[in-house]
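A.B. asks: Starting off with a structure, shown below.
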Amino acid sequence: MSGRSSVSVAAAEGRRGVQDEVQGDLVEREVEAAPDLIAGEGEKVRAPDLHGTLTVEKGTVVVDHCEYLDIYSRSSVIFDLGARLPSQVFKGDLGDSLFCEFEAVFFPELWPAFCEMARWHGDGHVELLVLEPDCDDFYIPERLGYPAVSLSVEASVDDYWAAVGFEAEGDSLGSIVISANVVAVTGPSGRWGCWGERCPEVGVFRGFPNLAARDKWQEQFGPFLEVSDALDSYLQLSLSDRAVPAEYAAALTANYGPSGR
């Protein structure tokens, strides 16, 4: 894949505060002994292997190529994985769109929102796939493992932080929070999803079963914005003092506003 297949160290430094918070949350999860340790009520926690992967309670960071390909394949059911905003990244008619800031996709507070959407559609797991940087061009050559996460909806917010913030082999750029530029989040049903891009600093959700469910979800887990407000806030902030290009705004509105339903 093209575009943002490399990660700027300077950008990573700018997000160091996020990394430090994640790192602090992982201290108790570090393992220096055997590869399998008993944790809690008979659950196992696997230590990082040579590829820097980690298994946390009730969920797992992807540990092998086949599992990564499975998640990639399931994600392609709902997303056009080669598309980028402002183009339409969702396949089919999934109804209304709501936007958040890109970084919020990784906030622990948003994990229950993902779980709620998963449960609406009968999904027992939430799957997050990193599309940029590219797996073969960046993560594998740097020995950072496969950039995807599968977590049970019963996993805690701490488990989610551990998964997306885990630094493979101690490399901060191995942390999805730090390195990911484009992500796709969905469940095995392929009936809901969240697409996030670091540039233009937004995430967009689709797959609400009805208006009442959407409004309740927005009130409980928000704030989230519709496309017109997102253009005036999230995207405007990402461009500093520059205006959102008219062509970009028109395309985003056409694909994610009322006319894009």
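A.B. asks: For the range 71-122: of the residues being out of contact with any Ser or Thr (no Cβ under 9 Å at 6 or more places or on another chain) and on the phi > 0 side of the Ramachandran plot, which is least open to solvent (accessible area, probe 1.4 Å)?
C.D. replies: Of everything passing the filter in the range 71-122, Gly95 is least open to solvent (accessible area, probe 1.4 Å).
A.B. asks: Right, next: Scan the range 190-213 for residues that are surrounded by fewer than 19 Cβ atoms within 10 Å (Cβ to Cβ), of a type outside the set (A, V, I, L, M) and within 12 Å of Trp120 (Cβ to Cβ) and jot them down.
C.D. replies: Listed by number, the residues that qualify are Pro209, Asn210.
A.B. asks: Considering only the range 220-239, state which residues are modelled with pLDDT under 90 and either in a loop (DSSP other than H, G, I, E, B) or among the β-branched types (Val, Ile, Thr) (or both).
C.D. replies: Those that are modelled with pLDDT under 90 and either in a loop (DSSP other than H, G, I, E, B) or among the β-branched types (Val, Ile, Thr) (or both): Ser233, Leu239.
A.B. asks: For the range 136-154, how many residues meet the condition of being touching a strand residue (DSSP E or B) at 6+ places or on another chain (Cβ under 8 Å) and surrounded by fewer than 22 Cβ atoms within 10 Å (Cβ to Cβ)?
C.D. replies: Residues in the range 136-154 being touching a strand residue (DSSP E or B) at 6+ places or on another chain (Cβ under 8 Å) and surrounded by fewer than 22 Cβ atoms within 10 Å (Cβ to Cβ): 2 in total.
A.B. asks: Hey, another quick one. Which of the residues spanning the range 80-105 are closer than 17 Å to Pro133 by Cα and not in a helix (DSSP H, G or I)?
C.D. replies: Within the range 80-105, Asp80, Leu81, Gly82, Ala83, Arg84, Leu85 qualify.
The values are calculated or read from the model by the stated rules, or taken from the named source; none is laboratory data. All of these numbers come straight from a predicted model, not from anything done at the bench. Counting neighbours? That spans all protein chains shown, and the Cβs are built from the backbone with ideal geometry, glycine included. Accessible surface areas use protein heavy atoms only, side chains included; no ligands, DNA or RNA. Shrake-Rupley method; radii C 1.70, N 1.55, O 1.52, S 1.80 Å.
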